[in-house]
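Down below is the structure, laid out as structure tokens.
The values are calculated or read from the model by the stated rules, or taken from the named source; none is laboratory data. All values reported here derive from a predicted model rather than from experimental measurement. Please note: Cβ atoms are built from the backbone with ideal geometry, for glycine as well, and neighbour counts cover all protein chains shown. Protein only, heavy atoms only, side chains kept; ligands, DNA and RNA dropped before computing areas. Shrake-Rupley method; radii C 1.70, N 1.55, O 1.52, S 1.80 Å.
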Protein chains: 2
Amino acid sequence: MYGIHLLGEWYGCPVDEPLLTQADALRDLCRRAVGDAGLTIVGDRFYQFEPQGVTGTVLLAESHLAIHTWPEAGFVTVDVYVCNYTTDNTGKAERVFKALELALKPRRKRFQTIHRGGKEVIEDEPRNEPLRVAAG
Amino acid sequence: MYGIHLLGEWYGCPVDEPLLTQADALRDLCRRAVGDAGLTIVGDRFYQFEPQGVTGTVLLAESHLAIHTWPEAGFVTVDVYVCNYTTDNTGKAERVFKALELALKPRRKRFQTIHRGGKEVIEDEPRNEPLRVAAG
């Protein structure tokens, strides 16, 4: 269940770009980017804010894409998270991310990669451990 | 547009728990947790894998919740991302996260908090930005 999660914050996107302002346009872009990369769509949901702005997700067999736009500020956040259950999907996730970036044209950006899952476990949850009682 | 993104990986969840195996049950839990915390739902989408497993998202006015389950492994990943556009929603995000954790009963877990957005831009070409992780 090891997976990789790409997180972007994009600043300085064109404020009148329909991809930032219109849910249908952004949905089409996201579905196309995911399909072109060879990931498998199992559903999507996009919401149109008034007067502008979009929030949306594409559910993938491999996990999800999520995107939020604030057109008035030229600001976008994007998440592309893929599990690598049966194959390494990292390259596909990077293709999706890059396609969206090229379309939304940020002038400045932040990017983080989060590695998720994996076999090792960092921390135990002591509250859920069995109660140990020593008989007196 | 400053926001906070809580990421969890939960291990050792009960493998026969309907919340892990059935999309409708998990959807109800997620919507209830979000509503109880005082966040605003603007849509959702959940997908039922066969023979088991669920992937789903709840779109929020404040951003999104995303969850993926692998019941055969007792494994779940969860994301709760809220922007703090007009008010600080961090406490509400933490309430949602905690409610899901209590319901899904992980025996072990990893937790990361990612700070997103903000007015300042750290760098123009951020490909090598160091990962900022707060272990929970």
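Please verify whether B:Thr40 is of a type in the set (Val, Ile, Thr) and facing chain A (nearest Cβ under 8 Å), treating the condition exactly as stated. Give the derivation first.
Values: of a type in the set (Val, Ile, Thr): yes; facing chain A (nearest Cβ under 8 Å): no.
Criteria not met by B:Thr40.
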Task: Qualifying position, being under 22 Å from A:Ala61 (Cα atoms) and open to solvent by 10 Å² or more (accessible area, probe 1.4 Å), among B:Leu104, B:Leu29 - done: B:Leu29
Task: Lone unmet requirement of (1) within 8 Å of chain A (Cβ to nearest Cβ); (2) open to solvent by less than 90 Å² (accessible area, probe 1.4 Å); (3) modelled with pLDDT under 95 for B:His115 - done: (1)
TODO: Look at segment B:90-101 and say how many of its residues are more than 10 Å from chain A (Cβ to nearest Cβ) and open to solvent by 10 Å² or more (accessible area, probe 1.4 Å).
DONE: 8
Task: Count of residues meeting criterion [at the interface with chain A (Cβ under 10 Å from one of its Cβ atoms) and open to solvent by 30 Å² or more (accessible area, probe 1.4 Å)] in segment B:43-62 - done: 6
Open item on the list: For segment B:1-18, which positions are in contact with a strand residue (DSSP E or B) (Cβ under 8 Å, 6 or more places away or on another chain) and away from chain A (no Cβ under 11 Å)?
Closed with: B:Ile4, B:Leu6
- [ ] Go through the residues of segment B:48-68 one by one and say whether even a single one is of a type outside the set (A, V, I, L, M), farther than 21 Å from A:Gly43 by Cβ and over 15 Å from the mean Cα position of the chain (by Cα).
- [x] no
Open item on the list: If I ask for residues that are over 30 Å from A:Val54 (Cβ atoms) and open to solvent by 40 Å² or more (accessible area, probe 1.4 Å), which ones from segment B:1-13 would you list?
Closed with: none
TODO: Give the residues of segment B:66-82 that are of a type outside the set (Phe, Trp, Tyr), within 10 Å of another protein chain (Cβ to nearest Cβ) and open to solvent by less than 10 Å² (accessible area, probe 1.4 Å), sorted by residue number.
DONE: B:Ala66, B:Ile67, B:His68, B:Val76, B:Thr77, B:Asp79
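Would you confirm whether any residue within segment A:123-135 is small (Gly, Ala, Ser), at pLDDT 95 or above, out of contact with any Leu (no Cβ under 8 Å at 6 or more places or on another chain) and on the phi < 0 side of the Ramachandran plot? Walk me through how you get there before you give the answer.
Let us first name the residues in segment A:123-135 that are small (Gly, Ala, Ser), namely A:134-135.
Narrowing further to those that are at pLDDT 95 or above: none.
Checking segment A:123-135: not a single residue is small (Gly, Ala, Ser), at pLDDT 95 or above, out of contact with any Leu (no Cβ under 8 Å at 6 or more places or on another chain) and on the phi < 0 side of the Ramachandran plot.
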TODO: Please identify the pairs in which a residue from segment A:100-116 that is closer than 12 Å to A:Val80 by Cβ has its Cβ atom under 9 Å from the Cβ atom of a residue that is surrounded by fewer than 16 Cβ atoms within 10 Å (Cβ to Cβ) and of a type in the set (S, T, N, Q), counting only partners at least 6 apart or on another chain.
DONE: A:Phe111/B:Asn128
